[in-house]
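This report concerns only the one structure given below.
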Amino acid sequence: MNAQTSLDPPDWGRFRRQGHRMLDDLIDYLEHIRERPVWQPIPNDVRARFREPLPAGSTDLAAVHDEFMQSILPFATGNSHPGFMGWVHGGGNPDGMLAEMLAAGLNANLGGRDHVPVEVERQLVQWARELFGFPNDATGLFVTGTSMANMVALLVARYAALGAEVRRAGVADGAYNLRAYTSAAAHGCIAQAMDLAGIGTDGLREIPTDKRHAIEIDSLEKAIMNDRRGGLRPFFIVGTAGTVDIGAIDDLKALAAIARREGAWFHVDGAFGALGMLTPDIAPRLTGIEEADSLAFDFHKWGQVPYDAGFILVRDGALHRATFATPAAYLRREERGLAGGSPWFCDFGPDLSRGFRALKTWFTIKVHGASRIGAIISKTCELAQYMKRRIEACPELELLAPVQLNIVCFRYRCVDSDPINAAIVVDLHESGIAAPSTTVLDGQIAIRAAIVNHRTEASDIDAALAAIIKFGRERTEGRHSPRTSVQQAY
Ligand SMILES: Cc1ncc(COP(=O)(O)O)c(C=O)c1O
């Protein structure tokens, strides 16, 4: 009976040996990641392996692991690889990986109750308060990523603007005149949060940016004044600490002052940039972050914690709790026992079941220390400056935006620049040499290299640029042959 219904292995010794093999395989993967292609296209037969019907019967763990090694591991995103430079993806780290296994073993639910995993997350909240200069009664919690963290912040700001009634009556009556402000360079998840919060994207003003891609303070002031004149109510001002396209930082101090004057909520989207506080090179440029009413950021980007580890910090803990706490008989709190330890993390966000994201973050910070993570952040910015200098020195390449943090936007100079640069990036992905992404700046397609990974070195930048020039020449001279392999292109 037990053998059929328990999910525990019938032979723990065999399971242990298999478990060690699996661990070894992943350690080998990380140790030798540099020898692999960054990414490779998924062959049709591999894709087809994931279209099988629901398996009714069992399969040996070793066989499923073999399938993982053959069909999953080689075709992952590649963001652990030093040549990955696309979007804003962190590299993860081996210690965080082990911690994730420990967390899965504990199978803790951090929605609430009185157990030490909750204390670990509270420790992270305290470290975040300390790092960002928030008061001791500020509250925070892990969420999936900054998209969700921005959403949580907006919901608290909505509650602050409309009062407790909004939780019962919804937004129908009160939200039509609310206006939020962010720069035109802000991440799209802010507009999405406006949509999801029921305020609507029409309520979001996208303010133009200056030549450094930061929000134009004068234009913001004018927009607010016009809205006030029109009987509208400015309630939410978002500053970005590290825009997704080029890494620009808004003037957070000025935004904080405007928000205070206007009685509006000041939120900072610091998805990757906020952790710049860990290094003296960047921290002074984030001045004003300590005045935010809320701050969203990710440990899984510059913090190198394995996915996912988004975080939201809210200055007014009571308001934060009032926005989400929902009494229920089955969630009764006690003074003692496992149902103690109130408030619970489920009182501060929409999730009741919550995994132990805090553990991999705690391990990463404890093992490496905040200074080393700060040094990695500095190094990625130095590498971006190195890449910028190499681009400026190369007549075939052209820089398309100022390099302010760790992001470099540029293109291969040619006629028909947009399709050719888009194709160069695809060639690069398929070559396995490097994986930048693209963006559109002033209507032109740019190759965008966001250097986030702690493993990236100057030689990875050199390899990426050499391949871009090679593919650019091939494409413009009409001698492109698809799928240049890693070896060929090097
Ligand atoms: C500035 C900014 N905000 C928000 C996000 C969304 O973060 P996440 O992908 O963790 O939801 C990103 C992602 O890169 C970002 O750069």
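The values are calculated or read from the model by the stated rules, or taken from the named source; none is laboratory data. Since this is a predicted model, take the numbers as computed values, not measurements. Heads up, the Cβs are rebuilt from the backbone with ideal geometry, glycines too, and the neighbour counts pull from every protein chain shown.
Looking across segment 104-134 at every residue that is in a helix (DSSP H, G or I) and of a type in the set (Phe, Trp, Tyr), the one that is surrounded by the most Cβ atoms within 10 Å (Cβ to Cβ) is identified as Phe132.
Might you check whether a residue that is under 30 Å from Ile447 (Cβ atoms), in contact with a Gly (Cβ under 9 Å, 6 or more places away or on another chain) and more than 16 Å from the ligand (Cβ to nearest atom) occurs anywhere in segment 65-76?
Residues of segment 65-76 under 30 Å from Ile447 (Cβ atoms): 72-76.
Among the residues that remain, those that are also in contact with a Gly (Cβ under 9 Å, 6 or more places away or on another chain) are: none.
For segment 65-76, residues under 30 Å from Ile447 (Cβ atoms), in contact with a Gly (Cβ under 9 Å, 6 or more places away or on another chain) and more than 16 Å from the ligand (Cβ to nearest atom): absent.
Exactly one residue out of Gly310, Gly317 is under 18 Å from Gln123 (Cβ atoms), within 15 Å of the ligand (Cβ to nearest atom) and in contact (Cβ under 8 Å) with a residue 40 or more places away in the chain: that is Gly310.
Restricting attention to segment 34-56, which residues are basic (Lys, Arg) and in contact with a Pro (Cβ under 9 Å, 6 or more places away or on another chain)? Arg34, Arg36 - these are the residues of segment 34-56 that are basic (Lys, Arg) and in contact with a Pro (Cβ under 9 Å, 6 or more places away or on another chain).
Would you check if there is a residue in segment 238-246 being modelled with pLDDT of 95 or more and over 30 Å from Gly78 (Cα atoms)? Checked against the condition, which is being modelled with pLDDT of 95 or more and over 30 Å from Gly78 (Cα atoms), segment 238-246 yields at least one hit. As a summary of the residue check, Val166 satisfies the conditions (1) within 26 Å of Leu252 (Cβ to Cβ); (2) buried (at least 21 other Cβ atoms within 10 Å of the Cβ) except for the one numbered (1). The sole residue among Leu252, Leu232, Leu220, Leu275 that is touching a helix residue (DSSP H, G or I) at 6+ places or on another chain (Cβ under 7 Å), aliphatic (A, V, I, L, M) and over 29 Å from Lys301 (Cβ atoms) is Leu232. Taking the criterion of being within 27 Å of the chain's Cα centre (by Cα) and hydroxyl-bearing (Ser, Thr, Tyr), the residues of segment 45-84 that qualify are Ser71, Thr77, Ser80. In this structure, does Pro327 turn out to be more than 16 Å from the ligand (Cβ to nearest atom), of a type outside the set (D, E, K, R) and either on the phi < 0 side of the Ramachandran plot or in contact with a helix residue (DSSP H, G or I) (Cβ under 8 Å, 6 or more places away or on another chain) (or both)? Answer is yes for this residue. Within segment 30-84, the set of residues being touching a strand residue (DSSP E or B) at 6+ places or on another chain (Cβ under 6 Å) and of a type in the set (Val, Ile, Thr) comprises just one member, Val38.
Elements of the type helices (runs of 4 or more DSSP H) sitting completely within segment 1-93 and holding at least 1 residues that are of a type in the set (Lys, Arg): these cover 12-31, 44-48.
Table: residues versus (1) at pLDDT below 95; (2) surrounded by 21 or more Cβ atoms within 10 Å (Cβ to Cβ); (3) small (Gly, Ala, Ser).
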position: Ala172; (1), (2), (3): yes, no, yes
position: Ala186; (1), (2), (3): no, yes, yes
position: Leu196; (1), (2), (3): no, no, no
position: Glu216; (1), (2), (3): no, no, no
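None of Arg455, Arg448 is modelled with pLDDT of 95 or more and out of contact with any Lys or Arg (no Cβ under 8 Å at 6 or more places or on another chain) except Arg448. All conditions but one from (1) more than 18 Å from Gln304 (Cα to Cα); (2) more than 10 Å from the ligand (Cβ to nearest atom) apply to Thr279; the one that does not is (1). Just for segment 221-250: of the residues that are within 16 Å of the ligand (Cβ to nearest atom) and charged (D, E, K, R), which one is nearest to the chain's Cα centre (by Cα)? Per the criteria, the residue is Asp245. For Phe235, state whether it is within 29 Å of Gly174 (Cβ to Cβ) and of a type in the set (Phe, Trp, Tyr). Answer is yes for this residue. Tell me, please, whether a residue that is within 16 Å of the ligand (Cβ to nearest atom), in contact (Cβ under 8 Å) with a residue 40 or more places away in the chain and not in a loop (DSSP other than H, G, I, E, B) can be found in segment 162-178. Looking through segment 162-178, none of the residues is within 16 Å of the ligand (Cβ to nearest atom), in contact (Cβ under 8 Å) with a residue 40 or more places away in the chain and not in a loop (DSSP other than H, G, I, E, B). Take the residues in segment 135-161 that are touching a residue at least 12 places away in the same chain (Cβ under 8 Å) and part of a loop (DSSP other than H, G, I, E, B), then tell me which one is farthest from the ligand (Cβ to nearest atom). Once the filter is applied, the top-ranked residue is Asp137.
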